[in-house]
Amino acid sequence: MTLLALENVSVAYDHQHYILRDFNLNIERGQFISLLGPSGCGKTTTLRLIAGFLEAKSGQFTFNGKNYTKVPVNKRNFGFVFQSYALFPHLSIFENVAFGLRLRKVSDSEIAKRVSRMLEIVSLTGYEKRFPKELSGGQKQRVAIARALVIEPDLLLFDEPLSNLDANLRVNMRVEIRRIQQELGITTVYVSHDQEECFSISDQVAIMNNGVIEQLDRPSTIFKYPRTEFVAKFIGFSNFIEFAYREDRDGEIWLKDKATSFRVPKHAGTDKSGGRKIAIRPEDINITADSPFIPSTGQIDTGKELNQVAGAVMVSTFLGRSYQYVVRTEMGDFTVNREMEEPYANGQKVLLTFPGDKLVIVN
Amino acid sequence: MKKRYVYWLMLPGLLFLTLFMLLPIIHTIGSTFFQEGQFTFEGYLHFLRDRYYVDILLTTMQVSLVTTMACIVVGFPVAYHISMLSPRKKGFLLALAIFPLLTSSVVRSFSWIIILGKNGLLNSWLVGLGLIDQPLEILYTPTAVMIGLIHLFLPLLIISLVGVMENIDPDLVKAAESLGSSRFTVFRKVIFPLSIPGLILGSILIFVGSMTAYTTPTVLGGKKRVIATFLYQNAITLNDWNSASVIATIMIVITLLVIGLMTKMSHKFRVKG
Ligand SMILES: Nc1ncnc2c1ncn2[C@@H]1O[C@H](COP(=O)(O)OP(=O)(O)OP(=O)(O)O)[C@@H](O)[C@H]1O
Ligand SMILES: [Mg+2]
């Protein structure tokens with residue numbers, strides 16, 4: 001069931017420059033959804049729009065079946081967790097968490113009960129009397145989460161809540177956030193530009209580019225089957241080949257160029273009608289030394305092996321566990337990662353094989 | 001020890017302050033406890049026993065207190081408004097607010113005579129509009145002094161409040177709003193408590209400034225004396241330096257007391273963040 005729907009929403013900070021234009025987003029009840037994308041693509045803007053800090057120039061925001069477009073922030077009952085924590089410096093931890101409850105005229109005994117339960121959930125029992133200044137970054141972040149959760153919000157919004165924390169703490173905290181979210185079953189929108197973070201905690205990830213959602217899917221689907229070139233690039237598909245012709249045969253898609261043709265078996269990542277561009281991750285290309293006795297003509301489709309291209313190593317870089325090569329071929333340069341003991345020398349003639357099931361067609 | 005020379009740079013200033021401020025103050029205060037070579041509190045007792053003197057003291061305190069309060073009431077919303085604006089508008093409005101500080105207080109006090117006088121602008125308007133029959137007696141009363149002082153000191157309060165308000169993280173306002181606060185509640189529960197340091201600073205400046213103001217009460221206060229004009233009268237007109245010293249000491253003590261009290265209050269409200 002759809003809980004939240006943004007329909008054809010447009011947002012501009014000034015009068016000409018639109019950050020979001022005809023933006024659409026649907027979120028199911030109870031879902032944890034992340035907005036992921038490069039800096040400046042409009043993630044925070046989207047979140048502020050949902051929170052009510054920003055007003056849309058046009059379009060509609062529906063929440064729980066009601067039109068929320070004009071509902072002011074303080075009437076929305078959404079919890080917002082800021083990147084800067086935004087704890088009230090003049091209030092104790094207890095009063096910070098109790099802030100929203102006091103505004104709701106909850107009785108003192110009820111406040112005491114709910115705040116201490118919330119502090120227990122975020123493992124901060126015993127810190128009630130301290131002030132924000134006396135906490136570490138991770139503890140502050142947990143107070144901020146407790147403060148947003150204690151009002152039992154209808155929606156929880158996070159704007160890069162972990163970006164000020166060190167790597168270890170980030171991993172711990174994201175597990176915490178996911179645990180609390182599932183325990184309480186609160187629909188959550190989470191913004192980050194850390195891929196791993198988004199993929200590990202979300203039910204759904206929306207990849208944004210320039211104010212547009214390019215793909216909204218489960219993390220594993222996005223990871224394996226990016227739909228657009230931008231998404232593919234964003235999640236590490238660094239090799240692209242565009243073909244001039246495409247032919248759909250049963251079970252296979254044939255892609256042809258003047259010199260080469262590729263065959264891609266149909267799978268979940270190839271169902272874009274008419275797409276003629278393929279993408280592959282550097283670690284999915286097989287690289288082998290080209291035997292000097294076989295002349296490499298580049299006419300792959302005449303050879304026995306499918307989807308093969310010959311080339312020469314231009315650059316090799318040591319990545320720790322593997323080597324990365326830039327291989328120059330007739331079809332352009334490819335980046336290939338390969339675990340091996342001894343690297344190929346520069347200039348080494350190699351054969352690149354593109355496994356059909358690892359090839360994805362992108363728009 | 002390379003930084004030794006810094007102390008030498010401070011020497012002229014220190015010497016100046018010691019010679020022309022510290023020593024005179026010590027001398028002034030010291031002299032109040034001696035009459036004809038005898039240690040005595042007679043100077044103070046004489047002052048406090050006299051109704052006329054105590055009245056002047058109380059009037060001064062009252063004028064200063066009301067001035068401070070009025071500046072807070074008038075200045076707070078203005079400062080809040082200015083602090084919320086874009087940098088360009090903020091700069092412009094702050095410049096406007098500070099502008100009165102750049103004109104001489106003598107000129108400003110005299111211009112109030114034109115406005116508040118018996119046949120001044122205010123009275124002729126009010127009478128012209130039929131709101132009153134008889135002109136109001138404002139000029140040469142403590143009220144006129146207060147009006148002049150508020151006009152004089154309001155910019156100080158606005159500046160010190162804008163200073164602290166500007167530094168309040170805008171996310172705090174958003175956080176309070178998202179937790180359910182209305183505009184007014186945000187002000188009451190977040191902006192106001194976080195502005196207290198600026199408020200205290202501004203209040204100290206205004207209170208002490210009003211206590212010791214001389215020009216404005218002289219021009220607008222008429223025969224009604226405040227402590228500063230009274231001191232001048234004793235010293236210059238009556239040539240009674242002994243009484244003048246007693247009054248000066250009382251002023252110093254009250255000023256220090258007020259500063260101490262306010263600082264203590266600011267510690268109580270101190271932002272613990
Ligand atoms: N207050 C503002 N006034 C004008 N333009 C703004 C404002 N805030 C953001 N923008 C612009 O809107 C665009 C989107 O900004 P937004 O903050 O949504 O990006 P983001 O995706 O959150 O980026 P990041 O990952 O860096 O936080 C940017 O081009 C930014 O310059
Ligand atoms: Mg952002």
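In whole Å, what is the distance between the alpha-carbon centres of the stretch B:236-269 and the stretch B:4-22?
25 Å
Would you please put A:238-245, B:35-42 in order of how densely packed they are, using the mean number of other Cβ atoms within 10 angstrom per residue and starting with the highest? Spell out each step's value before the answer.
On the way: A:238-245: 15.8, B:35-42: 9.9.
So the order, starting with the most tightly packed, is A:238-245, B:35-42.
Between the stretch A:1-63 and the stretch A:87-161, what's the alpha-carbon centroid distance in Å?
27 Å
What average count of beta carbons from other chains do you get within 10 Å of the Cβ of residues in A:84-94? Each step should come with its number before you reach the end.
Values: counts 5, 4, 9, 5, 11, 9, 12, 6, 1, 0, 0.
Across A:84-94, the average partner-chain Cβ count within 10 Å equals 6.
Please quote Rg/Rh for the stretch A:236-362 to two decimal places, taking the Kirkwood radius as Rh and restricting both calculations to Cα atoms. Numbers along the way, then the final one.
Values: Rg = 14.6 Å, Rh = 15.0 Å.
Ratio of gyration radius to Kirkwood radius: 0.97.
Grab the DSSP H runs of chain B that are 4 residues or longer, score each as -39,500 (n - 2.57), total them, divide by all residues and round the 222 nm result to the nearest 500 deg cm²/dmol.
-23000 deg cm²/dmol
Of the beta bridges DSSP finds with both residues in the protein assembly as shown, what % are antiparallel, to the nearest 5?
Values: 61 of 78 bridges.
Expressed as a percentage, antiparallel bridges in the protein assembly as shown total about 80.
Would you work out if the stretch B:41-269 is rounded, prolate or oblate? Take a ≥ b ≥ c from the square roots of the eigenvalues of the alpha-carbon gyration tensor; rounded if a/c is under 1.5, else prolate when a/b is larger than b/c, oblate otherwise.
In terms of gyration-tensor shape, oblate.
Give me B:Ile236, B:Ile227 ranked fewest to most by other Cβ atoms within 10 Å of their Cβ, as a rough exposure proxy. Provide the component values of the computation, followed by the final result.
Working: B:Ile236 11, B:Ile227 26.
If I rank by nearby Cβ atoms, fewest first, I get B:Ile236, B:Ile227.
How high is the relative contact order of chain B? Use alpha-carbon pairs under 8 Å, at least six apart in sequence, and give a whole percent. Before the final figure, lay out the partial values.
Numbers: 255 pairs, mean separation 66.9, N = 273.
Once normalised by length, the contact order is 25 percent.
Test of the criteria: in the stretch B:113-210, which GluC sites (Glu not before Pro) are in a DSSP loop and have at most 15 other Cβ atoms within 10 angstrom of their Cβ? Intermediate results must be reported in sequence, preceding the final value.
Numbers: sites: B:Glu137, B:Glu166, B:Glu177; in loops: B:Glu137.
Those satisfying the criteria are B:Glu137.
Are there GluC sites (Glu not before Pro) in the stretch A:19-116 that DSSP puts in a loop and that have at most 15 other Cβ atoms within 10 Å, and which ones? Intermediate results must be reported in sequence, preceding the final value.
Details: sites: A:Glu28, A:Glu55, A:Glu95, A:Glu110; in loops: A:Glu55.
Answer in residue order: A:Glu55.
With 10 angstrom as the radius, rank B:Trp112, B:Trp241 by how many other C-beta atoms surround their C-beta, starting from the fewest.
Working: B:Trp112 22, B:Trp241 14.
Ascending number of Cβ neighbours within 10 Å: B:Trp241, B:Trp112.
Quantify how strongly other chains surround peptide A:100-110 by giving the mean number of their Cβ atoms within 10 Å of each of its Cβ atoms. Present the calculation step by step, with values, prior to reporting the outcome.
Working: counts 6, 2, 5, 7, 2, 0, 0, 0, 0, 0, 0.
Averaged over the peptide's residues, the number is 2.
Would you mind ranking A:Ser92, A:Ser163, B:Ser195 by Cβ crowding within 10 Å, fewest neighbours first? Numbers along the way, then the final one.
Numbers: A:Ser92 17, A:Ser163 14, B:Ser195 26.
Ascending Cβ contact count within 10 Å gives the list A:Ser163, A:Ser92, B:Ser195.
In whole Hz, what ³J(HN,Hα) sequence does the stretch A:18-28 give by Karplus (6.51, -1.76, 1.60; θ = phi - 60°), x for Gly and Pro?
7, 8, 10, 9, 6, 7, 10, 7, 10, 10, 7
How large is ³J(HN,Hα), in whole Hz, for each residue of the stretch A:202-208 in order, when computed from phi with the Karplus curve 6.51 cos²θ - 1.76 cosθ + 1.60 and θ = phi - 60°, using x for Gly and Pro?
9, 6, 9, 10, 10, 8, 10
In the stretch B:190-273, what trypsin sites (Lys or Arg not before Pro) fall in a loop by DSSP, with at most 11 other Cβ atoms inside 10 Å?
Working: sites: B:Lys223, B:Lys224, B:Arg225, B:Lys264, B:Lys268, B:Arg270, B:Lys272; in loops: B:Lys223, B:Lys224, B:Arg225, B:Arg270, B:Lys272.
Passing sites in the stretch B:190-273 are B:Lys223.
Net charge near B:Ile247, counting Lys/Arg +1 and Asp/Glu -1 over other residues with Cβ under 12 Å of its Cβ? Could you put the intermediate results ahead of the total?
Details: positive: B:Arg225; negative: B:Asp50, B:Asp240.
Result for the neighbourhood of B:Ile247: -1.
Per residue of the stretch B:103-112, in order, report the coupling 6.51 cos²θ - 1.76 cosθ + 1.60 (Karplus, θ = phi - 60°) as ³J(HN,Hα) in whole Hz, putting x for Gly and Pro.
Going residue by residue, I get 9, 5, 5, 5, 4, 5, 5, 5, 5, 5 Hz, with x marking Gly and Pro.
If Lys and Arg each add +1 and Asp and Glu each add -1, what is the summed charge of the other residues whose beta carbon sits under 13 Å from the beta carbon of A:Ile27?
After counting each charged neighbour, the total is -3.
Within a 10 angstrom radius of each residue's Cβ in B:177-190, how many Cβ atoms of other chains show up on average? Whole number is fine. Mind showing how you got there, number by number?
Values: counts 9, 19, 19, 12, 6, 5, 2, 0, 3, 1, 0, 0, 7, 5.
Mean shielding count: 6.
Take every Cα pair under 8 Å in chain A that's 6+ residues apart, average their separations, divide by the length, and report that relative contact order as a whole percent. Intermediate results must be reported in sequence, preceding the final value.
Values: 726 pairs, mean separation 54.8, N = 363.
After rounding, I find 15 percent.
Using only the C-alpha atoms of chain A, find the volume of their convex hull and express it per residue in Å³. The partial results should precede the final answer.
On the way: hull volume 63.4 nm³, N = 363.
Convex hull of Cα atoms, per residue: 175 Å³.
Taking the Cβ of B:Phe47 as the center, what net charge do the other residues with Cβ under 13 Å away carry, scoring Lys and Arg +1 and Asp and Glu -1? Mind dumping the intermediate values first?
Details: positive: B:Arg49, B:Arg51; negative: B:Glu42, B:Asp50, B:Asp55, B:Asp240.
Result for the local shell: -2.
Here, each number is a calculation from the coordinates, and none is a lab measurement. Source: prediction; values computed, not measured. In this analysis, Cβ positions are derived from the backbone assuming ideal geometry, glycine residues included, and neighbour counts consider all displayed protein chains.
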